[in-house]
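K.L.:
I'd like to ask some things about the structure below.
The values are calculated or read from the model by the stated rules, or taken from the named source; none is laboratory data. These numbers were taken from a predicted model, which means no experiment stands behind them. We place every Cβ from the backbone using ideal geometry, glycine too, and count neighbours over all the protein chains shown. What goes into the accessible areas is simple: the full protein's heavy atoms, side chains included, and nothing from ligands, DNA or RNA. Shrake-Rupley method; radii C 1.70, N 1.55, O 1.52, S 1.80 Å.
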Amino acid sequence: MQKLDSTNILDISIQPFVTSVEKVAHVQPGNTIEHALLVLIKSGYTAIPVLDTSFKLHGLISKAQILDSILGLERIEPERLQQITVVDVMTDSIARMKVTDPFEKALSYSINHPFICVEGDENEFLGIITRSRLLAYLNGYFHEHRKKK
Ligand code: 2BA
């Protein structure tokens, strides 16, 4: 946990809150949605980032999007899981920010997004910041603040 000091909390660096790329479950745009569903089920997450082989961020894919894409008129069509690729289903409308952006931006994004994708100067994917990590930090921060009063 970051130390409480006189710095304005909204301006602090987001770097310490980033879950690094090697710990982030992800899939590639060319994977089948069957593969993506397996990764989502195994990891236990609702949605995960889509990265290419150079670790560039393309979007995110969720269990709900996959299920929606195999929904036929009368029944669920599981055979389509092997025919459709991640790029056809994923969304590219995601919360993303630079690692140099301030905490304030992460906090604001986290109102509507359970996680935010973080990129470096060259647009390389560095990892994610989860809403729970931000809330845990703020919880600690405000408790410290109350003790100091
Ligand atoms: P969700 O998948 O909706 O997960 C919501 C919360 O459920 C997670 O919050 C975590 O508290 C819990 N959870 C889900 N799957 C879990 C698992 N396999 N093991 C332990 N706890 C689990 P956060 O940890 O704050 O994550 C927020 C969102 O960020 C997740 O939403 C997921 O979409 C994404 N995420 C988090 N860590 C990730 C990782 N390592 N790789 C890929 N995506 C991740």
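K.L.:
Out of the residues in segment 36-53 that are assigned to a helix (DSSP H, G or I) and over 19 Å from V21 (Cβ atoms), which is nearest to the ligand (Cβ to nearest atom)?
P.N.:
Residues of segment 36-53 that are assigned to a helix (DSSP H, G or I), as a first pass: 36-43.
In the following step, the residues that additionally are over 19 Å from V21 (Cβ atoms) were identified as 37-38, 41.
Working: L37: 14, L38: 14, I41: 10 Å.
For segment 36-53, the residue satisfying everything is I41.
K.L.:
Of the residues that make up segment 22-33, is at least one over 15 Å from the mean Cα position of the chain (by Cα) and in contact (Cβ under 8 Å) with a residue 60 or more places away in the chain? Spell out the reasoning first.
P.N.:
Of the residues in segment 22-33, the ones over 15 Å from the mean Cα position of the chain (by Cα) are 29-33.
Still in the running and in contact (Cβ under 8 Å) with a residue 60 or more places away in the chain: 29.
Yes, segment 22-33 contains a residue that is over 15 Å from the mean Cα position of the chain (by Cα) and in contact (Cβ under 8 Å) with a residue 60 or more places away in the chain.
K.L.:
With respect to F115, is the statement that it is in contact with a helix residue (DSSP H, G or I) (Cβ under 9 Å, 6 or more places away or on another chain) and of a type in the set (F, W, Y) true? Talk me through it step by step, then tell me what you get.
P.N.:
On the way: in contact with a helix residue (DSSP H, G or I) (Cβ under 9 Å, 6 or more places away or on another chain): yes; of a type in the set (F, W, Y): yes.
Against the criterion (in contact with a helix residue (DSSP H, G or I) (Cβ under 9 Å, 6 or more places away or on another chain) and of a type in the set (F, W, Y)), F115 qualifies.
K.L.:
Name the pairs: first residue in segment 98-118 and hydroxyl-bearing (S, T, Y), second residue open to solvent by 10 Å² or more (accessible area, probe 1.4 Å), Cβ to Cβ under 6 Å, at least 6 apart or on different chains?
P.N.:
S110/R131
K.L.:
Do we find a residue being at pLDDT 95 or above, assigned to a helix (DSSP H, G or I) and not aromatic (F, W, Y) anywhere in segment 69-76?
P.N.:
Yes, the conditions are met somewhere in segment 69-76.
K.L.:
Are any residues in segment 59-75 more than 13 Å from the ligand (Cβ to nearest atom) and out of contact with any Asp or Glu (no Cβ under 6 Å at 6 or more places or on another chain), and if so, which ones?
P.N.:
Of everything in segment 59-75, those that are more than 13 Å from the ligand (Cβ to nearest atom) and out of contact with any Asp or Glu (no Cβ under 6 Å at 6 or more places or on another chain) turn out to be I66, L67, D68, S69, L71, G72, L73, E74, R75.
K.L.:
Just a yes or no: is a residue in segment 22-40 under 15 Å from F125 (Cα atoms), out of contact with any strand residue (DSSP E or B) (no Cβ under 6 Å at 6 or more places or on another chain) and surrounded by fewer than 14 Cβ atoms within 10 Å (Cβ to Cβ)?
P.N.:
Yes, segment 22-40 has at least one match.
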